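See structure below.
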Amino acid sequence: MPAGAVLILVAVALFVSATRAFKAAGTPVPGNQPTSSIVPAGPYRFTRNPIYLAFTLVQLGLALVANSVALVITLLPAAALMGVVVIPREERYLADRFPSEYATYKAEVRRWL
């Protein structure tokens, strides 16, 4: 249970840090709004998808706190959906919108960790 609580706190801190980095760069957080820039600051220095990583860590933390194998099992398709559908779609969008800048960023920063 303590490990789950720690994961949840780390996830919340990661989410807050990622949204602050977006706001500081003047780009919207919601994915349905046009991105105004590549954000290489804050947690985006280490992972291209800190918000999705935070969502994954919250679910894993909740599974540990609740001692629920079912939550762990549901985490797998959710992470797969993000990795196979959502993130590649966003990466294509960013590559089209910021061709050279995103290519450089993508080469320097890993997708997850």
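What follows draws every value from the coordinates through simple rules; no lab data is involved. Model, not experiment: these values are computed from the prediction. All Cβ positions, glycine included, derive from the backbone under ideal geometry; neighbour counts span all protein chains shown.
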Q.
From the helices alone, meaning DSSP H stretches of at least four residues, give me the mean residue ellipticity at 222 nm for the chain, per-run term -39500 (n - 2.57), in deg cm²/dmol to the nearest 500.
A. -21500 deg cm²/dmol
**Q.** A3-F46 FRET efficiency (beta carbon distance; Förster radius 25 Å; 0.05 resolution)
**A.** 0.70
Q | Simple label model, 7 Å out from Cα along Cβ direction - R20 to R97, nm | A | 2.3
Q: Using only Cα atoms, find the angle between the long axis of helix 99-108 and the longest principal axis of the chain, and express it within 0 to 90 degrees, rounded to the nearest 10.
A: 40
Q. Over all Cα pairs of the chain, how is the pair count split among 10 Å bins, expressed in % and running from 0 up to the last occupied bin?
A. 14, 42, 31, 12, 1
